[in-house]
Amino acid sequence: MSSPILAPNGRPARSELAASFTPQPKAYGYGLYATPQSTGTSDHYRLRANFLGGGLERELNGYQWRELLSYSRQLFAQLGNLGGAIVQKATYAVGEAWKPQYYGTETAWGQRVEEWLAESFYPVADARGQGFDFVTNLFLDSIAQDVDGDAAMILTSSESGFPQVLFVSADRITGNAAEIPDGPFKGAKLVNGCIIGGTGRVIGYRIQNGDRLEDFTDYSTYNCQLLFEPEWQSQRRGIPRVGRVVLDWFDVQDIDAFLKRGVKLDASQGLLHYTESGTADTAATAISDNDAGATDTDLRIERREGGEILYLKANAGEKVESFASDRPHPNTEAFVARIERRGLLAVGWFYELIDPSKIGGASVRLIQDEARASIRYRQKTIRKRAKRAVTYAVALGMKNGFIPRNDSDWWKFDFELPAQLTVDAGYDRQADVEDLKLGLTTKAAVGAKSGRWWEDTDAQRDREFDALLTRAKAHAEKFSLPLEYVLDRLEQRNPNPATMAQETQQNTQKTP
């Protein structure tokens, strides 16, 4: 009897174990976790790589990344639910808000610079001059995070020294080289458009200027920002969120195309005519309509416009019935919805926000909270870009004399965010009022939910109150009326305003 074959760890090899023990369920393996390899069921699954090491670039090289980018863009452009969900998410995250707000100590300076940023910098911030204002580019950056994975922004200026920024799409950040031969980054490594320094840190990006790969410019991270949402510790470029479900969306697209083709074929059929021979009786009349004694009154074959309805005569042993189709089957619709649901979840959105017809109650609030968390995370990413652009514009604007100097806290800028996603605005507003009464929240937090900056709200209320009192005093003096009476008539804050008689009586009692 031969000795058993031993594995490297000194234990019997898998084949020997399989021969010596009672067959076991395939779910059990010879390792810490059950895998196709440890259970010996590799042939039951699609082939998958099982190697590690070499960094993310080894497992997702430049060619594979660009393939994902191409497919993601096609699916975004061609699939309504996917494209609509990504745009809807960007609308809630960016919208038409992002007005700059200064929160430093130089209040007068801040108000002037806020106006300069909103009225002068934002409209012409894009150096391409294509009519895209700054907020529109933030909206496009949000879409790019899901579709392209990342997007770059280069800090630049006009010929007059006015600050501007250049927005660069992901496909223009390109290039690979074991070592850059010359230029300011000589000796550095180039990996998928990222210039890598000696310590492995990204120190710049290669931007393609035209259609030729040889036409490029290398930018330092000092004046070029790459925006992406990392998912791996070793990540240097953003990965399209659509990329993780490309095959699922391809399946949805194919099923949809084949279903539409089948429905079109079904819709073109009007009647089914069953005959003994399986062929049409070319000599037959259509539907018999003879009265007793009548002659030659049968209906002949008649085709309506489009050929969708065919009337034929049913002889003995034959039948004519309307065509009925069960496509698309409800099970097919449910399966497609299942794939779409997980496809939208991959980009941080929810199928129920596209089709809310089947949810209600607590489920709606759970989805609302999950969507708000996704929006907040996206706004955190977008804020990095907006902050970098605004502080650059302020610094260069002060340097070149477009705005006055502030040497204390000129960089303290935040942004007015869009209104918060809500499924029950009345309930949320009442909860905010109660929390504000108990001191559990602030006016700033409540205003932010509605897309308003609390200081702007207070300033506007002050202006409106001044205008209201001015009007009330004018009316009171003009008609010799009590001021409280006029105020109640201009804006009825009191549900039971005093009448003229009550006001006169109260004034009489107050008179000595």
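The values are calculated or read from the model by the stated rules, or taken from the named source; none is laboratory data. Computed from a prediction, not measured in an experiment: that's the story for all the values here. Glycine also receives a Cβ, built like all others from the backbone with ideal geometry; neighbour counts cover every protein chain displayed. Quick note on the areas: whole protein, heavy atoms, side chains included, nothing else; ligands and nucleic acids left out. Shrake-Rupley method; radii C 1.70, N 1.55, O 1.52, S 1.80 Å.
What distance in nm separates the simple spin-label points at Thr107 and Leu47, each placed 7 Å from Cα in the Cβ direction?
For the pair Thr107/Leu47, the computed spacing is 7.1 nm.
Within region 122-225, report the trypsin sites (Lys or Arg not before Pro) that DSSP leaves as loop and that have at most 14 other Cβ atoms within 10 Å. Walk me through the numbers on the way to the answer.
Details: sites: Arg128, Arg172, Lys186, Lys189, Arg201, Arg206, Arg212; in loops: Arg128, Lys186, Arg201, Arg212.
Those satisfying the criteria are Arg128, Lys186, Arg201, Arg212.
Looking at region 84-148, which GluC sites (Glu not before Pro) are DSSP coil and have at most 13 other C-beta atoms within 10 Å of their C-beta? Intermediate results must be reported in sequence, preceding the final value.
Numbers: sites: Glu96, Glu106, Glu114, Glu115, Glu119; in loops: Glu96, Glu106.
Sparse-neighbourhood loop GluC sites (Glu not before Pro): Glu96.
If you filter region 27-105 for trypsin sites (Lys or Arg not before Pro), then keep DSSP loop positions with at most 11 other Cβ within 10 Å, what is left?
Arg46, Arg48
Whose amide H sits under 5 Å from the amide H of Phe415, counting only residues 5 or more places off or on another chain, with H placed in the peptide plane?
Here the answer is Gln101, since their amide H atoms fall under 5 Å of that of Phe415.
Which of Lys412/Lys437; Lys99/Lys443; Lys380/Lys412; Lys412/Lys443; Lys387/Lys437; Lys89/Lys260 have a Cα-Cα distance over 25 Å?
Table pairs above 25 Å Cα-Cα are Lys412/Lys437; Lys387/Lys437; Lys89/Lys260.
For region 159-240, what % of the accessible area comes from carbon and sulfur atoms, probe 1.4 Å? Before the final figure, lay out each step's value.
Details: 2120 of 4390 Å².
Of all accessible area on region 159-240, carbon and sulfur atoms account for 48 percent.
Going by a ≥ b ≥ c, the root eigenvalues of the Cα gyration tensor, does region 71-128 fall in the rounded group (a/c under 1.5), the prolate group (a/b larger than b/c) or the oblate group?
prolate
Which shape class, rounded, prolate or oblate, goes with region 139-204 when its Cα gyration tensor gives a ≥ b ≥ c as root eigenvalues, a/c under 1.5 marks rounded, and past that a/b bigger than b/c marks prolate?
oblate
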